[in-house]
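Data block below; observations after.
The values are calculated or read from the model by the stated rules, or taken from the named source; none is laboratory data. Only a predicted model underlies this, so the values are computations on that prediction, with no experimental measurement involved. No Cβ is skipped: glycine too gets one built from the backbone with ideal geometry, and neighbour counts run over all protein chains shown. Quick note on the areas: whole protein, heavy atoms, side chains included, nothing else; ligands and nucleic acids left out. Shrake-Rupley method; radii C 1.70, N 1.55, O 1.52, S 1.80 Å.
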Amino acid sequence: MNNEARGDGAMIGITAFGAYVPRLRLQKKAMAQTNAWLAPNLMGKAKGERAFGNWDEDAITFAVEAARDALGPEDDRSHIKALYFASTTAPFADRLNAGIVQAALTLESSIQSADISGTQKAGMTALAQALCVANGAPEGANPSILVAAGDRRVPKAVSAQEFDYGDGGAAMVVGRQNVLAEWIGGAASTVDFVDHFRGAGEAFDYQWEERWIRDEGYMKIVPPVLTRALASAGLEASAVDHFILPSTFKGIAEGIAKRLGLKSEAVSDNLGTIVGETGCAHALLMLAGVLEKAKAGQTILVAQFGQGCEALVFKVTDAITQFKPRLGLSGWLANRKEETSYMKYLVFNGLVEWDKGMRAEKDNKTALTTLYRYNDGILGLVGGRCQVTGTVQYPRTRISVAPNAPEVDSQEPYKFAERAAKVLTYSADYLTYSMNPPNHYGQIDFDGGGRIFMDIADVEPGEIDSGTQVRMAFRVKEWDDRRGFTRYFWKAVPVR
């Protein structure tokens, strides 16, 4: 698993990276105090906070936001030739979830895409597969492969996992040009060690005893893989500058580092008190954070455990100074709202059944024919621009809306998702049904033209007004609970 196998000396590695952490941060102290009457033992986990998604976020929306963070605001993403989406909590068991990500990002339909799931190391496996595919490309080709991961694991209420888990996503682009971190080695193993599992059709994980997972799992399965990964890279353990190994158990990464001879200062913070563990996305999320601060010449050993182990070794290049994600892990961490309502967390994660009122009683059946015909407009937020008058509009139609110039079949695709926008008018409505009242919606004006009536998310009463700057966010529009279908669209989110 190293570049010597190529024989042409081409450098393969990470060319871009991004992250996403939801804005809401539930205070663990509030969680522990609410449940102290029932589980006083959980007071020991009351330090820090954990990220949790808004009601309209899921594994796909996390991955889309992380990918946008990596790809930047450019409309042209034709350089992406393949997409791997990693998640253990994808909304569809039999629908290509990566296809939704592809449509939201307006990637070419000619790309190859795949869902990778079934294990907590799925994110790392997706990255390893992308590197192998890039490594096997013909000489002279420049394949850019996007790896996007997201997880929203919902544990049982009043459980230790409720404190340990967090929501989020991460993305990496793999290629040969402008490599930020060169892939120099790696190793993997597959071991049917069941530390936890979630059966088909089950809502919650079942987890085994902590000491067994630590002593028989991590401490015996991970070290040999790391040793082989370092050997494939031709590195001594002491040469590693950053060591990434997610675990919800305290001291795991430190113990393995000590056993292998890694420097104690190389062990990366697992973000447990500020995000929580984001499932199969977490190693990539930690890697995105490390790459933000890494220096040229430093080496990174990143691994993740899950029915075996996947480990990769990278060497940071001089190009690291030339790339910045749109916000990066540090930016998303700063974009936070402290939340102390444990009940809001329960409602947003479907852990309590509550009376939604008669206004919520409707059939949310999706017209799949319409979704297909207008796929780029619905999932990609692609409108139209009249090639004769320059008038921009959404949705795209055969007849232009240009005043006194109803040109026919004159429109070319025009992408709105990455364009700056502001609120023209809005309403904060307590009468309509909303998972998070009041329901904010309004007319959004875009720089360069175009106006769309849409929902406004991640906003508190009185926080916005006419003229407030907003950005577009890919979110869940609504669920069809009768048929198990999730519908997506774009919403406006205040720029903070």
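Picking from R359, R259, which residue would you name as being part of a helix (DSSP H, G or I) and at pLDDT below 95? Going through R359, R259 in turn, the sole match is R359.
Look at segment 456-469: where a residue is over 12 Å from Q443 (Cα atoms) and free of Cβ contacts under 8 Å to residues at least 60 places away in the same chain and a partner is open to solvent by 70 Å² or more (accessible area, probe 1.4 Å) and in a loop (DSSP other than H, G, I, E, B), sitting 6+ places away or on another chain with Cβ atoms under 7 Å, you get Q469/V495.
Those residues that are free of Cβ contacts under 8 Å to residues at least 60 places away in the same chain and touching an Asp or Glu at 6+ places or on another chain (Cβ under 6 Å), I need them from segment 271-309; list them, please. Within segment 271-309, A296, Q298 qualify.
Counting the residues of segment 85-97 that are open to solvent by less than 20 Å² (accessible area, probe 1.4 Å) and either part of a loop (DSSP other than H, G, I, E, B) or in contact (Cβ under 8 Å) with a residue 40 or more places away in the chain (or both) gives 3.
Here R482 does not fit the description of being surrounded by fewer than 17 Cβ atoms within 10 Å (Cβ to Cβ), among the basic types (K, R) and under 26 Å from A67 (Cα atoms). With the structure loaded, tell me whether I256 is open to solvent by less than 20 Å² (accessible area, probe 1.4 Å) and more than 23 Å from L127 (Cβ to Cβ) or whether it fails that test. The answer is no for I256. A single entry from T432, T468 fulfils the requirement of being modelled with pLDDT of 95 or more, polar (S, T, N, Q) and open to solvent by 10 Å² or more (accessible area, probe 1.4 Å): T468. Of all residues in segment 184-221, those being of a type in the set (F, W, Y), open to solvent by 30 Å² or more (accessible area, probe 1.4 Å) and part of a helix (DSSP H, G or I) number 1. Do we find that D363 is more than 22 Å from the chain's Cα centre (by Cα), surrounded by fewer than 21 Cβ atoms within 10 Å (Cβ to Cβ) and without any contact (Cβ under 8 Å) to a residue 60 or more places away in the chain in this structure? Considered against the rule, which asks whether it is more than 22 Å from the chain's Cα centre (by Cα), surrounded by fewer than 21 Cβ atoms within 10 Å (Cβ to Cβ) and without any contact (Cβ under 8 Å) to a residue 60 or more places away in the chain, D363 comes out as no. Looking at segment 56-78, is at least one residue in contact with a Lys or Arg (Cβ under 7 Å, 6 or more places away or on another chain) and part of a strand (DSSP E or B)? No, segment 56-78 contains no residue that is in contact with a Lys or Arg (Cβ under 7 Å, 6 or more places away or on another chain) and part of a strand (DSSP E or B).
Scanning for something in contact with a His (Cβ under 8 Å, 6 or more places away or on another chain), under 17 Å from V101 (Cβ atoms) and in a helix (DSSP H, G or I), does segment 133-156 turn up at least one residue? No, segment 133-156 has no match at all.
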